[in-house]
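Just so you know, all these numbers are worked out from the coordinates, no wet-lab data involved. Keep in mind the model is a prediction, meaning the values are calculated, not measured. Positions of Cβ are generated from backbone atoms using ideal geometry, with glycine treated the same way; all protein chains shown enter the neighbour counts.
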Amino acid sequence: MKKEQNGSEIIPMAKDYKFHLSQLVNLRISDEWGEVQARAQYLNGENQYLVHYQAADKCATERWYSESQLVAVEDDRSPGMPVFGCVDLPEGEKVEG
């Protein structure tokens, strides 16, 4: 941390996260998609996201990705709105494909 002459500290501005925990994201490099499980901020680098997804070989996996490697999953009925994973659907609801 740098200090000014009057002794006060200069604190770097935190970068906002682009994606939320439990948000569904697409991997830019493939057709794979997954759920954000964790996030990390770095002073001198891009925000990172731990994404849990099913890889092309059909195995469940998780890996850290840079923010620029991800794009938000969108529902055609609500463009621009984030989509979140859920464990249990409300009673009477079903997933549409």
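If you go through the range 29-43 and keep only what is touching a residue at least 24 places away in the same chain (Cβ under 8 Å), of a type in the set (G, A, S) and more than 22 Å from G80 (Cβ to Cβ), you end up with S30, A40. Here is the figure for the range 44-73: residues that are without any contact (Cβ under 8 Å) to a residue 24 or more places away in the chain, surrounded by 13 or more Cβ atoms within 10 Å (Cβ to Cβ), in a strand (DSSP E or B) and touching a Ser or Thr at 6+ places or on another chain (Cβ under 8 Å) total 2.
Evaluated against (1) part of a loop (DSSP other than H, G, I, E, B); (2) of a type outside the set (K, R); (3) within 20 Å of G80 (Cβ to Cβ), N26 falls short on exactly one condition, (1).
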